[in-house]
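Laboratory data are not the source of any read-out in this text; all were calculated from the coordinates shown. Bear in mind the structure is a predicted one, so any value in this text is a computation, not a measurement. Neighbour counts are summed over all protein chains in view; Cβ atoms, including those assigned to glycine, are modelled from backbone coordinates with ideal geometry.
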Amino acid sequence: MSKSHEPDGLKPETRLVTAGRSAAEFHGFVNPPVYHASTVLYPNAADLVAHRSRYQYGRRGTPTSEALENALREIEGPGCAGVSLLPSGAAAVSTALLSVLSAGDHLLITDSVYRPTRNFADTILKRYGVETTYYDPLIGDGIASLFRPNTRAVFVEAPGSQSFEMQDIPAIARAAHDRGALVLMDNTWATPLFFRAFEHGVDLSIQAGTKYIGGHSDIMFGTISANEKALPKLKDTVTTFGLCVGPDDIYLALRGLRTLSVRLERHQKSALEIAQWFEQRPEVLRVLHPALPSHPGHAIWKRDFTGASGLFSIVLKPTAEKAVHAFCDALSLFGMGFSWGGYESLVILFDCAGYRTATKWAPGGPCLRFHIGLEDTGDLIADLERGFAAMKA
Ligand SMILES: *Cc1c(COP(=O)(O)O)cnc(C)c1O
């Protein structure tokens, strides 16, 4: 699936199997036990007073949370110094931002960002004295002109949430680092398997683990991976906020992680097949999928990414809202609901026009976002054909 990035020559697919495992520690069992824990008992008063123990308290880490953090660190590869687990992807975004920002700082965020990230910047960060400027996702090294003396961080997300613009992350990272700012990325779409954040200049890489790591639509959880420079403040922030994830969810995330590459490979293949099918449909104006040569960000995707996951959007030719609803309502294999990254296919209607501030969203027709699950693509296409028939009727 992808070339090896590891100094010891192991490919990412192998890493997913070996990472973070230590059977010897767990009596030979392949997987770590689920430690339900708050108190950790110390053997004597001297050790208690000195906090001399591998584990201090449930919130601060257990063998279960450590196994997942270590696995994720190994999968991120060179450049990643450590990982923190958060109770949701949204918590990972807000915690990563809070770990690098202080009152009086300035922040740059791509206009194509996941909407709750924007909301966090516009409400809580604003209230705490951090000013945000949104920028055109296609800005590239032109971002240099937006920096101020107090610009502390740049937030990137590629492809853009719902709208799928590709960003020139190495160019943005160079501009940021030249001016002493850190780069935060939401890498949920690609995961570290398809985008090596740290090799492209990212300092803090965020994932909604809820999506592909979990993979089964049954857990909420988030991850932040950090390089050497960003890790100490990240760990301090997570600890000071008292954030931790329940052990059963950590266990499910670790279980999901082991099959990430086979699932992603199938999501990628099926999504590309269906995206190409949409390109041939007379009802469709444009397909927003960066792995398609027709996508304006295709060259960047090809240069920087090693794969594409199962999420993409389409723009329909101008059609009445009722007809778009009829399309969605006629689908039986595509559920309608938020989130994605599970084994099942999904569809949502979306419109970015209401909240963009740095760019204009005028796609030319109604928009739908699809997550292509692990079903047979022939069955999915037959379902979509029924949708188009209902749209026409
Ligand atoms: C879903 C999502 C999040 C938030 O994750 P939750 O676990 O739902 O809080 C963040 N970023 C992106 C790109 C997402 O798709």
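Computed quantities for the displayed model
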quantity	calculated
Within the range 73-91, considering residues that are within 15 Å of the ligand (Cβ to nearest atom) and in a helix (DSSP H, G or I), the one surrounded by the fewest Cβ atoms within 10 Å (Cβ to Cβ)	ALA90
Subset tally (residues that are more than 10 Å from the ligand (Cβ to nearest atom) and either within 14 Å of LEU68 (Cβ to Cβ) or not small (Gly, Ala, Ser) (or both)) for the range 186-201	9
Selection status of SER94, buried (at least 19 other Cβ atoms within 10 Å of the Cβ) and free of Cβ contacts under 8 Å to residues at least 40 places away in the same chain	yes
Search result, residues across the range 202-222 that are more than 10 Å from the ligand (Cβ to nearest atom), in contact with a strand residue (DSSP E or B) (Cβ under 6 Å, 6 or more places away or on another chain) and not polar (S, T, N, Q)	VAL202, ASP203, LEU204
Those residues of the range 54-72 which are out of contact with any strand residue (DSSP E or B) (no Cβ under 6 Å at 6 or more places or on another chain), within 18 Å of LEU193 (Cβ to Cβ) and either within 16 Å of the ligand (Cβ to nearest atom) or not hydrophobic (A, V, I, L, M, F, W, C) (or both), in sequence order	LEU68, ASN70
Check on GLY28, within 30 Å of LYS126 (Cα to Cα) and in a loop (DSSP other than H, G, I, E, B)	no
Pair list, Cβ < 9 Å and 6+ apart or interchain, from the range 106-130 residues that are free of Cβ contacts under 8 Å to residues at least 40 places away in the same chain to residues that are assigned to a loop (DSSP other than H, G, I, E, B) and within 13 Å of the ligand (Cβ to nearest atom)	ALA121/VAL113
Some residue of the range 183-201 being free of Cβ contacts under 8 Å to residues at least 40 places away in the same chain and in contact with a Lys or Arg (Cβ under 7 Å, 6 or more places away or on another chain)	yes
